Amino acid sequence: MANKKQPVDFEALLSTVDAAFPMVQILDKDGKVVNKDIMPDLSDDKLVELMEKMVWSRILHERSMALARQGRLGFYAPTAGQEASQMASYFAFEKEDELFPGYRDVPQLIQHGLPVYKAFLWSRGHAVGSQYPENLHAMPPQIIIGAQIVQATGAGIGLKKRGKPNVAFTYTGDGGSSQGDFYEGINFAGAYKAPVVFFIQNNGYAISTPRHKQTAATTLAQKAVAAGIPGIQVDGMDPLAVYAVTKQAREWAIAGNGPVLIETVTSRFGPHSTSGDDPTRYRDQESFDYWEQRDPLIRFRNFLTEKGLWSEEKEQALIEKTQEEIKASAKEADQVPKQKVSDFLKNMYEEPTQVIKEQIATFEAKENK
């Protein structure tokens with residue numbers, strides 16, 4: 001008997017999905033234009049401004065690492081290597097857009113309007129670090145993995161109901177895309193056509209768990225399919241590609257079409273955090289070498305230098321200026337009064353219970369001795 005034809009070709013289904021998510025790239029690793037047809041319409045001044053933000057972010061990272069080693073910061077998640085993913089995506093948004101960052105997204109939060117000294121206080125767990133100016137459209141960095149996806153969806157629905165010409169945007173890592181909150185958030189946003197732009201910053205590792213052990217999906221962008229929303233994979237080390245895709249995603253969402261999911265393929269050059277992680281235990285030198293050759297700063301520096309828009313002198317002046325600003329911000333954070341146990345108790349309830357009132361009085365008596 002001849003082989004009966006099977007009703008489904010499962011391998012063809014998988015290959016069809018995989019083929020639908022090619023990586024978007026404009027600049028190759030050497031800073032050469034490989035896709036001029038989608039080059040974003042940025043003036044020379046805007047190109048320089050974007051590079052300045054990326055250099056600023058790298059210096060912020062370096063100084064934050066130094067402060068952490070000195071014991072002047074608490075939790076810190078390194079950002080070196082992700083400057084294009086973070087700064088170039090942020091560059092496409094407006095100040096009135098609502099930002100829901102993860103704990104690695106402090107650079108975007110500062111660019112959105114959070115004073116640097118408050119970012120340092122947040123790292124220390126100080127309540128002042130989460131007291132935001134009224135005109136800052138953002139929430140504090142989310143520590144619970146993936147929870148910001150649900151929050152951003154709610155904010156997006158709120159913006160839609162109020163008829164605001166803005167979006168909510170949020171970031172998580174590849175590990176965050178494996179969380180239940182991630183799926184619930186993008187599904188709900190898709191069902192209600194919420195104006196939200198979701199980012200998965202795929203740096204290859206969920207702390208120490210490699211990307212390939214988290215999911216059988218060839219890309220993380222294709223997770224959008226189940227929610228009925230567009231998903232795009234972009235070279236997260238290419239600032240022009242990241243900006244171009246993000247700008248288009250924002251325009252799509254503003255127009256009432258619903259959310260977009262963007263996977264930026266990037267790398268963190270250091271540990272997951274300063275809390276004891278050692279990346280050399282789960283990454284080999286070849287991995288570090290591969291990604292360092294794709295450093296977004298080198299790539300964009302080459303591009304701008306060839307256009308006559310950047311120089312070593314310009315970059316050095318910016319580095320020195322940024323270092324002084326960060327030094328001043330660290331000093332400002334140091335001058336904020338340290339928290340007391342009575343402060344924690346006062347912050348617990350809007351109206352303290354009788355038991356809390358008694359505890360406040362007890363600790364204030366000890367603190368005032």
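Only residues that are polar (S, T, N, Q) and either farther than 14 Å from Asp238 by Cβ or not assigned by the TED database to the domain that holds Leu297 (or both) were counted in region 30-48, giving 1.
Contact list please: Cβ distance under 6 Å, first residue in region 150-166 and over 24 Å from Gly180 (Cβ atoms), second residue open to solvent by 20 Å² or more (accessible area, probe 1.4 Å) and of a type in the set (Asp, Glu), pairs at least six apart or on different chains. Note: pairs meeting the criteria are Asn166/Glu96.
All of Ser177, Ser123 fail the test of being in the same structural domain as Phe269 (by the TED database), touching a Leu at 6+ places or on another chain (Cβ under 8 Å), in a helix (DSSP H, G or I) and within 27 Å of Gly258 (Cβ to Cβ), apart from Ser177. Residues in region 339-368 that are free of Cβ contacts under 8 Å to residues at least 40 places away in the same chain and assigned to a loop (DSSP other than H, G, I, E, B) were compared, and the one that is least open to solvent (accessible area, probe 1.4 Å) is Pro352.
Yes/no matrix, rows are residues, columns are (1) at pLDDT 95 or above; (2) surrounded by fewer than 18 Cβ atoms within 10 Å (Cβ to Cβ); (3) closer than 21 Å to Arg104 by Cα:
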{"residue": "Thr246", "(1), (2), (3)": "yes, no, yes"}
{"residue": "Glu251", "(1), (2), (3)": "yes, yes, no"}
{"residue": "Asn257", "(1), (2), (3)": "yes, yes, no"}
{"residue": "Leu261", "(1), (2), (3)": "yes, no, yes"}
{"residue": "Ser267", "(1), (2), (3)": "yes, no, yes"}
{"residue": "Gly270", "(1), (2), (3)": "no, yes, yes"}
{"residue": "Ser275", "(1), (2), (3)": "no, yes, yes"}
{"residue": "Asp289", "(1), (2), (3)": "no, yes, no"}
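Of all residues in region 130-141, those that are assigned by the TED database to the domain that holds Gln111 have Cβ atoms under 7 Å from Cβ atoms of residues that are open to solvent by 60 Å² or more (accessible area, probe 1.4 Å) and outside any loop (DSSP other than H, G, I, E, B), 6 or more apart or on another chain, in Met139/Gln151. Would it be correct to say that Leu99 is outside any helix (DSSP H, G or I) and out of contact with any strand residue (DSSP E or B) (no Cβ under 7 Å at 6 or more places or on another chain)? So Leu99 does not fit the description; no. Every listed requirement among (1) modelled with pLDDT of 95 or more; (2) β-branched (Val, Ile, Thr); (3) open to solvent by 10 Å² or more (accessible area, probe 1.4 Å) is met by Thr209 save one, (1). The residues on offer are Ala77, Ala84, Ala88, Ala92, and the sole one that is open to solvent by less than 70 Å² (accessible area, probe 1.4 Å), within 25 Å of Ile229 (Cα to Cα), assigned by the TED database to the domain that holds Glu134 and assigned to a loop (DSSP other than H, G, I, E, B) is Ala92.
Checking Ile149, Ile186 one by one, the residue that is assigned to a helix (DSSP H, G or I), more than 30 Å from Met348 (Cβ to Cβ) and either open to solvent by less than 30 Å² (accessible area, probe 1.4 Å) or not basic (Lys, Arg) (or both) is Ile186 and no other. Can you tell me which residue within region 19-60, out of those that are among the acidic types (Asp, Glu) and not in a loop (DSSP other than H, G, I, E, B), is surrounded by the fewest Cβ atoms within 10 Å (Cβ to Cβ)? The selected residue is Asp37.
Against the definition (in the same structural domain as Asp174 (by the TED database), over 20 Å from Phe344 (Cβ atoms) and open to solvent by less than 10 Å² (accessible area, probe 1.4 Å)), how does Leu114 come out, yes or no? Criteria met by Leu114. If you go through region 292-317 and pick out every residue that is at pLDDT 95 or above and part of a helix (DSSP H, G or I), you end up with 17.
Listed by first and then second residue, the pairs with beta-carbon distance under 7 Å, at least 6 apart or on different chains, first residue in region 184-201 and in contact (Cβ under 8 Å) with a residue 40 or more places away in the chain, second among the charged types (D, E, K, R) and assigned to a strand (DSSP E or B), are Ile200/Glu263.
The values are calculated or read from the model by the stated rules, or taken from the named source; none is laboratory data. Because the structure is a prediction, the values reported are computed rather than measured. No Cβ is skipped: glycine too gets one built from the backbone with ideal geometry, and neighbour counts run over all protein chains shown. Each accessible area value is taken on the protein alone, full model and side chains, heavy atoms only, with ligands, DNA and RNA left out. Shrake-Rupley method; radii C 1.70, N 1.55, O 1.52, S 1.80 Å.
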